[in-house]
Amino acid sequence: MTQPRIAIVHERFTEFGGSEAVVGELSETWSGSEVFAPIVDPAGVRPPLSTVHDTWLSRAYAASGRRSHAPLLPFVPRALRRLPLRDRFDAVVVSHHAFATQASFATDAPVIAYVHSPARWAWDRDFRAQEAGGRAGQLALGALGRLARRGELRAAPRLSHVVANSRAVAARVNDWWGLPATVTYPPVRIDRFTPEPTIPREDFFLFAGRLVPYKRPDLAVLAAQRAGCRLVILGDGRFRAHVQSLAGPETTFLGATSHDVLQDTYRRCRALLMPGVEDFGIVPVEAMACGTPVLAIDQGGALDTVEPGSTGEHIPHGADEAVVDRLAEAMLDFDPAAYNPATIRAHAETFSSAAFRAQMAATVAQFLH
C-alpha cells in the first residue's frame with residue numbers, strides 16, 4: 001500500500017515543549033512526512049525531527065539574536081498561507097496554538113487540525129490581562145489577539161476535522177469557532193518516567209514547569225506559606241523573580257534541571273501541585289507515571305488527567321484567595337498512603353505515545369482518498 005504524503009505544520013520551533021513533542025510524534029506516525037514552520041531555531045528541534053522547512057522569518061529571528069520571537073508574530077499568518085503545500089500532499093496536519101490553521105489557505109488537501117488550544121490570550125480577556133504584564137503589553141497583545149481571532153474564524157470553514165487535546169479545549173473550539181471536535185490526548189513519554197518503590201516519600205510538595213503567569217506558581221507558593229508545608233519548585237521563566245519575592249523559607253527554587261533530577265523529585269515528593277488551568281498538562285501525567293498523586297484545580301485538562309480519590313484530588317477553582325485557602329487545606333490534610341502508586345501508574349499509561357499515534361493515524365485515514 002502506498003504511503004500517504006502528509007505535511008505537518010507547526011507555528012514555531014523557538015523552544016522545546018509539549019507541543020513540539022507532539023509534532024515529533026506526528027512525524028513518527030507517517031514515515032516520510034514533511035514538517036513546516038515559519039520560525040525555526042535549530043535548538044528547538046529535537047529527534048525524531050531532523051529537518052524542518054522554514055521561511056524568511058527564521059532568518060529575521062536569527063538576525064535579532066533570537067532574543068524574542070514576539071515581534072515576528074504579526075507576520076506568521078501570511079507566512080503560513082504561503083507555505084509550499086499545494087498539490088504536494090494527500091493531507092495536511094496542523095499543530096495549532098494561534099495561527100497554524102492559516103496553512104489551510106496554502107492547500108486544497110484535507111486539513112486536520114490538532115488544537116492545543118484556540119488562542120486563549122485572544123479570546124479570554126482575563127487570561128490576556130494576566131499574561132500581558134502592564135498597559136503596553138495589554139495593548140500589544142490586544143492587537144495581536146484581534147489578528148488571531150480573525151484568522152482562526154476565517155480558517156475554521158476550511159478545516160476538514162478538528163482534534164482537541166482535551167475536553168476543555170474541545171469546548172473552546174465549539175464556543176469560539178462554532179465547530180465540533182473529537183478528543184485525542186497528547187502523547188506523554190511515560191516510558192521515561194517510572195515508579196521506584198524503594199525510594200521513600202519525603203515531606204515536601206512539588207511544583208514543576210515553566211514559571212509563567214498562567215501556570216500560577218504564585219498560588220502554590222502562597223498556599224505552601226499558609227499551610228507551613230515545604231515546597232520545591234523545579235523550572236524557570238519570566239515569572240520567577242515575582243514568585244521568589246512572595247516565597248518564604250519553606251519554598252526552595254531549584255531552577256531548570258535535568259530529566260534525572262525531575263524524575264527523582266517526582267518519586268520523592270508527597271504530591272505534585274497544579275494550581276494553574278492547563279489546556280491538557282503533560283507534567284501531571286509524568287508525575288503520575290512515577291506513581292505520584294496530583295493536587296489540581298478542577299478546570300481544564302486536569303478534568304481529563306486527574307481522577308479524584310484515585311490519582312489525586314481536584315481543588316475547587318475560584319478567586320485567588322479562595323484557591324490559596326483550599327490548596328493549603330488540601331496540603332495539610334494530604335495523606336500519600338491513601339493513594340496506590342500502581343493504580344496511578346496504570347492511569348498514566350492511557351496517555352502513551354502509542355495510543356496517540358494510533359488515534360491520529362485512524363483520524364487522518366478517514367480523509368485520505
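No lab work stands behind these numbers, since they all come straight from the coordinates. Worth saying up front: this structure is predicted, and the values here are computed from it rather than measured. Ideal geometry is used to build each Cβ from the backbone, glycine not excepted, and the neighbour counts take in all protein chains shown.
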**Request:** Can you tell me the 0 to 90 degree angle between the C-alpha axis of helix 353-365 and the longest principal axis of the chain, rounded to 10?
**Result:** 30
**Asked** Given springs between every Cα pair under 10 Å in a Gaussian network model of the chain, which of SER245, SER104, SER27 has the largest fluctuation?
**Response** SER245
**Complete:** For GLU313, other-chain or 5+-apart residues with amide H closer than 5 Å (H placed, Pro excluded) are VAL294, LEU295, ALA296
**Prompt:** For ALA60 and GLU28 in one chain, what is 0.36 nm times their gap in residues minus the Cα-Cα distance, to one decimal in nm?
**Reply:** 8.6 nm
**Complete:** Sequence order, segment 180-190: Karplus ³J(HN,Hα) from phi using 6.51 cos²θ - 1.76 cosθ + 1.60, θ = phi - 60°, Hz rounded, Gly and Pro as x, gives x, 8, 8, 10, 10, 5, x, x, 10, 6, 5
**Request:** Express in nm, to one decimal, how much length is gained between LEU246 and ALA140 on full extension, taking 0.36 nm for each residue of separation and deducting their alpha carbon distance.
**Result:** 35.4 nm
**Item:** Charge sum, other residues only, whose C-beta stays under 12 Å from HIS347's C-beta, Lys/Arg counted +1 and Asp/Glu -1
**Value:** -2
**Request:** Report ³J(HN,Hα) in whole Hz for each residue of segment 198-203, in order, from the Karplus equation J = 6.51 cos²θ - 1.76 cosθ + 1.60 where θ = phi - 60°; Gly and Pro get x.
**Result:** 6, 8, x, 5, 10, 8
**Complete:** Computed ³J(HN,Hα) along segment 280-289: with the Karplus parameters 6.51/-1.76/1.60, θ = phi - 60°, integer Hz and x for glycine or proline, the list is 10, x, 7, 4, x, 6, 4, 4, 5, 4
**Asked** In terms of modelled amide H atoms, which long-range or inter-chain residues lie less than 5 Å from the amide H of ASN340?
**Response** none
**Request:** Quote the charge dipole size of segment 190-351 about the Cα centre in Debye, to the nearest 20; the model charges only the Cβ of Lys and Arg (+1) and of Asp and Glu (-1).
**Result:** 400
**Message:** Distance between the C-alpha centers of segment 308-336 and segment 66-102? Whole Å please.
**Reply:** 40
**Asked** Two-decimal Rg/Rh of segment 182-240 from alpha-carbon positions, Kirkwood Rh?
**Response** 1.06
**Complete:** Rounded to the nearest 10, the angle in degrees between the Cα long axis of helix 259-268 and the longest principal axis of the Cα atoms of the chain comes to 40
**Item:** Value of [θ]222 nm, deg cm²/dmol, for the chain, DSSP H segments ≥ 4, -39500 (n - 2.57) each, nearest 500
**Value:** -11000 deg cm²/dmol
**Message:** To test your reading of the geometry: what angle, between 0 and 90 degrees and rounded to tens, separates the Cα axis of helix 320-333 from the longest principal axis of the chain?
**Reply:** 50
**Fill in**
The set of residues whose placed amide H lies less than 5 Å from the amide H of PHE204, leaving out same-chain residues fewer than 5 positions away, is ARG270
**Asked** Say the dipole of the chain comes from +1 at the beta carbon of Lys and Arg and -1 at that of Asp and Glu; which of PRO213, TYR339, CYS229 then lies farthest toward its positive end?
**Response** PRO213
**Complete:** Protection proxy (average C-beta count within 10 Å per residue), highest first, orders 73-83, 174-184 as 73-83, 174-184
